[in-house]
Amino acid sequence: MIETVLRAGGYILIVLMFVCLWRAGVGPSVPDRIVATNLLGTKAVVVLVFVALATEQLFFVDVALVYALINFLTSVGMAKYIEKGKLS
Amino acid sequence: MLMTLREIIAAVLVAGGVFFFLVGVIGLIRLPDIYMRVHATAKGDTLGLGLCLLGAIVYLGFTYTSLKLLLIITFIWITSPTAAHLIGKSAYRTGVEAACGDIPVKDISGRGNQT
């Protein structure tokens, strides 16, 4: 039963990820695209955790942890780059 | 179909987390402005991921994997508002216009060139 809930939640989150991808493509300004990409990465973390629980292969949790780190780094780097024009 | 109480609590928490992600995505699509979109998606991120991974922790019990999940929750709760604040600040400094005319963005938008 809990596997059914995890699988249904994963499917719903993947559909929502495609909706975020639509906003990242359409979005009128550059920060819109960054916000959409940030939300997409957070959903990817949750989908990785659901995959780890549903398939009983728990090393995907490590992948999710590293993905969360890289997602934050991407958002901060892009925000500083569009603000200052350089990354330092 | 038999479920223990722990699985029922985990399923309810995961469903609540997916609901908050849905609310965040609706805010991302429907709101007219970058500042409102940042506002909506930061809350959707924080609550949605927190509830989903709390459900996973309840389902797993006291293991090392649930400790890693708690680490992910702590990290996201620190970094997601930080990222939202930085994106909003960069949008403000580069002069992205607001949807309603009350915010004097055009007067201050030249500050992005100085600093």
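Tabulated results
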| read-out | value |
| --- | --- |
| Residue, nearest to the chain's Cα centre (by Cα), within the range B:16-44, restricted to residues that are surrounded by fewer than 20 Cβ atoms within 10 Å (Cβ to Cβ) and at the interface with another protein chain (Cβ under 7 Å from one of its Cβ atoms) | B:Leu22 |
| Conditions (1) of a type in the set (A, V, I, L, M); (2) part of a helix (DSSP H, G or I); (3) in contact (Cβ under 8 Å) with a residue 40 or more places away in the chain; (4) at the interface with chain A (Cβ under 7 Å from one of its Cβ atoms); number of the one not met by B:Leu49 | (3) |
| Residue list for the range A:48-71, filter: crowded, with 20+ Cβ neighbours inside 10 Å and among the hydrophobic types (A, V, I, L, M, F, W, C) | A:Leu48, A:Val49, A:Phe50, A:Ala52, A:Leu53, A:Val61, A:Ala64, A:Ala68 |
| Test: residue in the range A:73-82 that is under 27 Å from B:Thr4 (Cα atoms), at the interface with chain B (Cβ under 7 Å from one of its Cβ atoms) and at pLDDT 90 or above | no |
| Subset of the range A:32-72 [of a type in the set (Val, Ile, Thr), facing chain B (nearest Cβ under 7 Å) and either under 23 Å from B:Lys43 (Cβ atoms) or outside any helix (DSSP H, G or I) (or both)] | A:Ile34, A:Val35, A:Thr42, A:Val45, A:Val46, A:Val49 |
| When residues of the range B:54-73 are limited to those that are in contact (Cβ under 8 Å) with a residue 24 or more places away in the chain and within 7 Å of chain A (Cβ to nearest Cβ), the one farthest from A:Met1 (Cα to Cα) | B:Ala56 |
| Some residue of the range B:13-21 being out of contact with any Pro (no Cβ under 8 Å at 6 or more places or on another chain) and under 16 Å from A:Asn38 (Cα atoms) | yes |
| Residue among A:Ile34, A:Ile2 that alone is in contact with a Ser or Thr (Cβ under 7 Å, 6 or more places away or on another chain), of a type in the set (A, V, I, L, M), on the phi < 0 side of the Ramachandran plot and buried (at least 18 other Cβ atoms within 10 Å of the Cβ) | A:Ile34 |
| Lone unmet requirement of (1) under 20 Å from A:Asp62 (Cβ atoms); (2) in a helix (DSSP H, G or I); (3) aromatic (Phe, Trp, Tyr) for B:Phe20 | (1) |
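The values are calculated or read from the model by the stated rules, or taken from the named source; none is laboratory data. Keep in mind that this is a model prediction, so the values were computed, not measured. When we count neighbours, we look across all protein chains shown, and the Cβ atoms used for this are built from the backbone with ideal geometry, even at glycine.
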